[in-house]
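Asker: My questions will all concern the structure given below.
Only the coordinates and a few stated rules stand behind these numbers; no lab work does. Since the structure is predicted, the reported quantities are computational estimates derived from the model, not experimental observations. In this analysis, Cβ positions are derived from the backbone assuming ideal geometry, glycine residues included, and neighbour counts consider all displayed protein chains.
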Amino acid sequence: MYQEKIINPPSGYLTFAVSILLLAASIFCFVSEIFLWGGILLAIDIFLLFPGFLIINPNQSMVLTLFGKYIGTVKADGFFG
């Protein structure tokens, strides 16, 4: 059978800061209308980045799957990205 694999993901605060900067750059591109395609690409990146954040409360864990295949389990509590 399968054996549990413990995953230790990186902290999500740096990733969250980068995503906020991408959001600000995307808004700037839309407002200035100079780099409209750049704003569209940044907006798409943001929508792909935000669902990847994990918040795990104390005494809880989360199972990570990719297209139905077991990847691992996160047991540490915190904010991950």
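Asker: Return the only residue of 39, 81 being free of Cβ contacts under 8 Å to residues at least 40 places away in the same chain and either small (Gly, Ala, Ser) or in contact with a Gly (Cβ under 7 Å, 6 or more places away or on another chain) (or both).
Answerer: Working: 81 fails: free of Cβ contacts under 8 Å to residues at least 40 places away in the same chain.
Testing whether each residue is free of Cβ contacts under 8 Å to residues at least 40 places away in the same chain and either small (Gly, Ala, Ser) or in contact with a Gly (Cβ under 7 Å, 6 or more places away or on another chain) (or both) leaves just 39.
Asker: Here is a follow-up. If you check 48, 64, 41, which single one turns out to be assigned to a strand (DSSP E or B) and of a type in the set (A, V, I, L, M, F, W, C)?
Answerer: Working: 48 fails: assigned to a strand (DSSP E or B); 41 fails: assigned to a strand (DSSP E or B).
Residue meeting the stated conditions: 64.
Asker: In the stretch 5-25, what residues are in contact (Cβ under 8 Å) with a residue 40 or more places away in the chain, of a type outside the set (Ser, Thr, Tyr) and either loosely packed, with under 11 Cβ neighbours inside 10 Å or not in a loop (DSSP other than H, G, I, E, B) (or both)?
Answerer: 5, 6, 8, 10, 14, 16
Asker: Taking the stretch 26-67 as the region of interest, how many residues are among the charged types (D, E, K, R), more than 22 Å from the chain's Cα centre (by Cα) and surrounded by 11 or more Cβ atoms within 10 Å (Cβ to Cβ)?
Answerer: First, the residues of the stretch 26-67 that are among the charged types (D, E, K, R): 33, 45.
If we keep only those that are more than 22 Å from the chain's Cα centre (by Cα) too, we end up with 33.
Now restrict to residues that are surrounded by 11 or more Cβ atoms within 10 Å (Cβ to Cβ): none.
Looking only at that region, the number is 0.
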